[in-house]
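Only one structure is covered here, and it is reproduced in the block below.
The values are calculated or read from the model by the stated rules, or taken from the named source; none is laboratory data. Note that the coordinates shown come from a computational prediction; the quantities given were computed from them, not determined experimentally. Reconstructed Cβ throughout: ideal geometry from the backbone, glycine too, with neighbour counts over all protein chains shown. Note: areas computed on protein heavy atoms with side chains; ligands, DNA, RNA excluded. Shrake-Rupley method; radii C 1.70, N 1.55, O 1.52, S 1.80 Å.
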Amino acid sequence: MLGQPLIGAAGLLRGAKLLNTPGLRRFVIIPVTINVLVFALSIWVLLQQFTPLVEKWTGYLPAWLEWLEWLFWLFFALAAVLVVFYTFSILANLIAAPFNGLLAEAVEKHLTGKPLPGGGSLLGALREAPSAIFDELRKIGYFLLRAVPLLILFWIPLLNLAAPVLWALFSAWMMAVEYGDYPMGNHNIRFAEQRKRLGQKRMLSLGFGGATLLATMIPLVNFLVMPAAVAGATALWVEQLKSEEM
């Protein structure tokens, strides 16, 4: 049990190494380009809004708790980074969804030596773009239904101390859901079944999602997170999550 989060986290590193594999590099160019542009925008937004946002939140601190202001700064700073970077991760994945599916397909073929039935090309990925984007929108709906109550906690005194931790756990789960979709979606496994499979190995999933979330907050590294996470999720799918009968 204790090893499962480490195996999940190692999946991200495995994915990063796979990106340099001959035959896979060409599938990385478009996702990396999209990620660079979107994360550059997210960093700009964070730099512009960080201080006013945190000052606004700490302004709600009651007078009798002013001595805890430094702790609130720490928690709210962490929350701001998590919210901004995770939100822009959703945007990046929405735009890159068709190409991420193609990358997952190429990685699985490399790992198993077997092409997926009906395997596509760049043109095929573009044809599948509406369906891929619809799947992303469905994940966004799942995210919003759970994120809004968590965000409300940030405005409730005392409970807001736990909010960043809960948000981090939720974001790690969503990262696993987000990137696990690409290899499983290639096998026509629907969203509900995807969540079931990830939930069966929840600690593995949280380890992978947590490592991915942390990597999004590291400058320059975050530019490669999306394709590395797609490749890593595919490796975990092949080695940990895929049923024997498939």
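Of all residues in region 1-21, how many are at pLDDT 85 or above and not in a helix (DSSP H, G or I)?
Total meeting the criteria: 3.
Close contacts from region 150-163, counting a first residue that is more than 16 Å from Leu74 (Cβ to Cβ) and a second that is among the charged types (D, E, K, R) and open to solvent by less than 50 Å² (accessible area, probe 1.4 Å), with Cβ to Cβ under 7 Å and a gap of 6+ residues or different chains, come to none at all. Scanning region 19-32 for residues that are farther than 16 Å from Val221 by Cβ and open to solvent by less than 80 Å² (accessible area, probe 1.4 Å) gives Thr21, Gly23, Leu24, Phe27, Ile30. Restricting the first member to region 196-216 and to residues that are β-branched (Val, Ile, Thr), and the second to residues that are open to solvent by 40 Å² or more (accessible area, probe 1.4 Å) and part of a helix (DSSP H, G or I), no beta-carbon pair is closer than 9 Å while six or more apart or on different chains.
For every residue, the table says whether it meets (1) modelled with pLDDT of 80 or more; (2) under 18 Å from the mean Cα position of the chain (by Cα).
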| position | (1), (2) |
| --- | --- |
| Asp135 | no, yes |
| Leu150 | yes, yes |
| Ile156 | no, no |
| Asn160 | no, no |
| Ala168 | yes, yes |
| Ala172 | yes, yes |
| Tyr182 | yes, yes |
| His187 | yes, no |
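Residues that are aliphatic (A, V, I, L, M) and on the phi > 0 side of the Ramachandran plot within region 159-217 are absent altogether.
Of all residues in region 197-237, those that are open to solvent by 20 Å² or more (accessible area, probe 1.4 Å), touching a helix residue (DSSP H, G or I) at 6+ places or on another chain (Cβ under 6 Å), in a helix (DSSP H, G or I) and farther than 19 Å from Pro5 by Cβ total 1.
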